[in-house]
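Peer 1: Pasting a structure here, questions to come.
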Amino acid sequence: VDIPAPRPGKHDILLKVLACGLCRTDLHIIDGELSAPKLPLVLGHQIVGRVAELGDGVEGMNLGDRIGVPWLGSTCGTCRFCVSSRENLCDHPEFTGYTRDGGLAEMAVADYRYCFPIPDSFGNVEAAPLLCAGFIGYRSMRLAGADAKTIGIYGFGSAAHLVTQVAQFQGRDVFAFTRPGDDASQAFARELGAVWAGSVDEQPPELLDAAIIFAPAGELVPQALKVLRKGGTVVCGGIHMSDIPSFRYSLLWEERSIQSVANLTRADGQELLELAAQIPIHTHCMTGSLHEAPEMLDRIRRGDIQGSAVVTFN
Ligand SMILES: [Zn+2]
Ligand SMILES: [Zn+2]
């Protein structure tokens with residue numbers, strides 16, 4: 001539909017959108033699994049755009065700068081979480097493409113204090129998936145533990161293909177778990193450096209230090225516990241997951257733990273962008289126009305994309 005161009009308020013920048021990544025979270029919003037969206041809503045929370053106008057109070061940004069907008073749109077700055085370096089858990093947050101309009105449109109506004117300059121080494125399309133898949137993937141791996149040398153990844157989509165490259169760079173071994181029979185994703189995982197790839201119901205050749213689940217399937221939690229060593233952590237990296245089935249206590253026993261990941265902090269984003277340029281991360285993307293976004297989202301639902309999906313604007 002055609003809607004009026006957004007106007008920048010205080011602390012906002014108006015962006016001419018260049019590219020916007022698609023994410024499984026967009027499907028959770030469409031499907032009503034995340035139940036409090038602004039409506040009507042412009043989706044999209046991995047925005048790469050050029051600054052076209054500066055709202056009041058914007059400092060340190062100039063017209064024409066290339067800027068990335070992530071999921072965390074703003075925080076209150078005063079709650080117990082904000083004042084203890086846990087702004088990802090803010091009591092009064094705003095989220096891009098959920099409680100604020102996002103970037104699946106020619107123009108978008110964003111609070112500049114939550115945006116990131118895009119490193120020059122990344123093209124518009126290549127940068128977009130870093131802004132959620134990259135940030136959340138990175139936070140998930142950090143929560144898996146600095147000493148986790150062997151990491152299982154369940155669901156080999158956008159976040160997994162980025163986090164695998166970070167893991168490798170940090171000297172960790174990745175074991176990729178895909179839907180049974182998904183040979184293409186397993187081959188893709190090996191191509192990116194996974195030391196082993198198999199299906200979610202397979203046992204890897206050794207027990208692992210940690211597992212990260214990106215697929216929104218609760219039944220993977222007990223599956224992942226089964227492949228962990230003593231003291232290992234299962235990290236649930238998605239914003240929504242189907243119910244976790246009950247399981248024997250012995251799977252959790254010996255100080256295994258289950259940890260969810262909520263949103264991101266600006267520090268996560270800063271660290272990941274620096275790492276991404278240093279490694280450098282190669283994002284594998286399929287692209288399409290805004291009109292093709294619904295079909296691309298369907299492909300994400302079917303697991304029919306290797307890497308990330310990005311909508312481009314001319
Ligand atoms: Zn996302
Ligand atoms: Zn807060």
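The values are calculated or read from the model by the stated rules, or taken from the named source; none is laboratory data. Values in this document were obtained by computation on a predicted structure and should not be read as measured data. Using ideal geometry, Cβ is built from the backbone for each residue, glycine included, and neighbour counts are taken over all protein chains shown.
Peer 1: Residues that are buried (at least 23 other Cβ atoms within 10 Å of the Cβ) and away from ligand 1 (no atom under 13 Å from the Cβ), at least 2 per element: which strands (runs of 3 or more DSSP E) completely within region 1-114 meet that?
Peer 2: Working: elements: 12-21, 47-54, 66-69, 72-74, 107-111.
Because the criterion is at least 2 residues that are buried (at least 23 other Cβ atoms within 10 Å of the Cβ) and away from ligand 1 (no atom under 13 Å from the Cβ), the strands (runs of 3 or more DSSP E) in region 1-114 that meet it are 12-21, 47-54, 107-111.
Peer 1: Let me ask something else. Would you confirm whether or not region 138-148 contains a residue that is outside any helix (DSSP H, G or I), within 16 Å of ligand 1 (Cβ to nearest atom) and either modelled with pLDDT under 95 or touching a Pro at 6+ places or on another chain (Cβ under 9 Å) (or both)? Steps first, please.
Peer 2: The first filter runs over region 138-148 and keeps only residues outside any helix (DSSP H, G or I), leaving 145-148.
Okay, now just the ones that are also within 16 Å of ligand 1 (Cβ to nearest atom), so none.
Within region 138-148 (the criterion being outside any helix (DSSP H, G or I), within 16 Å of ligand 1 (Cβ to nearest atom) and either modelled with pLDDT under 95 or touching a Pro at 6+ places or on another chain (Cβ under 9 Å) (or both)), the answer is no, since none of the residues qualifies.
Peer 1: Please work out which residue is surrounded by the most Cβ atoms within 10 Å (Cβ to Cβ), limiting yourself to region 115-124 and to residues that are of a type outside the set (D, E, K, R) and away from ligand 1 (no atom under 16 Å from the Cβ).
Peer 2: Filtering region 115-124 for residues that are of a type outside the set (D, E, K, R) and away from ligand 1 (no atom under 16 Å from the Cβ), the one surrounded by the most Cβ atoms within 10 Å (Cβ to Cβ) comes out as ILE118.
Peer 1: Only one of ALA133, ALA167 is within 16 Å of ligand 1 (Cβ to nearest atom), touching a residue at least 12 places away in the same chain (Cβ under 8 Å), among the aliphatic types (A, V, I, L, M) and surrounded by 24 or more Cβ atoms within 10 Å (Cβ to Cβ); which?
Peer 2: Working: ALA167 fails: within 16 Å of ligand 1 (Cβ to nearest atom).
Being within 16 Å of ligand 1 (Cβ to nearest atom), touching a residue at least 12 places away in the same chain (Cβ under 8 Å), among the aliphatic types (A, V, I, L, M) and surrounded by 24 or more Cβ atoms within 10 Å (Cβ to Cβ) holds for just one of ALA133, ALA167, which is ALA133.
Peer 1: When region 230-262 is examined, which residues are found to be touching an Asp or Glu at 6+ places or on another chain (Cβ under 6 Å) and either surrounded by 22 or more Cβ atoms within 10 Å (Cβ to Cβ) or under 23 Å from ARG139 (Cβ atoms) (or both)? Step through it out loud before you land on a result.
Peer 2: Going residue by residue through region 230-262, those that are touching an Asp or Glu at 6+ places or on another chain (Cβ under 6 Å) are 230-232, 240, 245.
Answer for region 230-262, where residues must be touching an Asp or Glu at 6+ places or on another chain (Cβ under 6 Å) and either surrounded by 22 or more Cβ atoms within 10 Å (Cβ to Cβ) or under 23 Å from ARG139 (Cβ atoms) (or both): GLY231, GLY232, HIS240.
Peer 1: Further, regarding this structure: Given the structure, is PRO93 within 16 Å of ligand 2 (Cβ to nearest atom) and either over 17 Å from the mean Cα position of the chain (by Cα) or among the basic types (Lys, Arg) (or both)? Working first, answer last.
Peer 2: Working: within 16 Å of ligand 2 (Cβ to nearest atom): yes; either over 17 Å from the mean Cα position of the chain (by Cα) or among the basic types (Lys, Arg) (or both): yes.
Here the answer is yes, as PRO93 does meet what is asked.
Peer 1: So, in region 259-314, exactly how many residues are under 21 Å from ARG24 (Cβ atoms), polar (S, T, N, Q) and touching a residue at least 40 places away in the same chain (Cβ under 8 Å)?
Peer 2: Adding up the residues that qualify gives 8.
Peer 1: Between HIS161, HIS240, which is in contact (Cβ under 8 Å) with a residue 60 or more places away in the chain, in contact with a Pro (Cβ under 8 Å, 6 or more places away or on another chain), closer than 24 Å to LEU264 by Cα and not acidic (Asp, Glu)? Walk me through how you get there before you give the answer.
Peer 2: On the way: HIS161 fails: in contact with a Pro (Cβ under 8 Å, 6 or more places away or on another chain).
None of the other options fit; the residue is HIS240.
Peer 1: Moving to a separate point now. All but one of (1) aliphatic (A, V, I, L, M); (2) within 15 Å of the chain's Cα centre (by Cα); (3) assigned to a loop (DSSP other than H, G, I, E, B) hold for ILE305, so report the exception by its number.
Peer 2: So the condition that ILE305 fails would be (2).
Peer 1: Turning to a different aspect of this structure: Would you call GLY181 surrounded by fewer than 24 Cβ atoms within 10 Å (Cβ to Cβ) and either of a type outside the set (A, V, I, L, M) or closer than 23 Å to ALA262 by Cβ (or both)? Break it down stepwise before answering.
Peer 2: Details: surrounded by fewer than 24 Cβ atoms within 10 Å (Cβ to Cβ): yes; either of a type outside the set (A, V, I, L, M) or closer than 23 Å to ALA262 by Cβ (or both): yes.
Spelling it out, GLY181 is indeed surrounded by fewer than 24 Cβ atoms within 10 Å (Cβ to Cβ) and either of a type outside the set (A, V, I, L, M) or closer than 23 Å to ALA262 by Cβ (or both).
Peer 1: Sticking with this structure for a sec: Looking at region 164-188 only, could you name the residues that are within 22 Å of GLU219 (Cα to Cα) and not in a strand (DSSP E or B)? Even if it seems obvious, please write down each step before you answer.
Peer 2: Filtering region 164-188 down to residues within 22 Å of GLU219 (Cα to Cα) leaves 174-183, 185-186.
Within region 164-188, ARG179, PRO180, GLY181, ASP182, ASP183, SER185, GLN186 qualify.
Peer 1: Could I ask something else about it? Mind listing whichever residues of region 79-90 are over 20 Å from the mean Cα position of the chain (by Cα) and of a type outside the set (S, T, N, Q)?
Peer 2: Hits for region 79-90 are CYS79, ARG80, PHE81, CYS82, VAL83.
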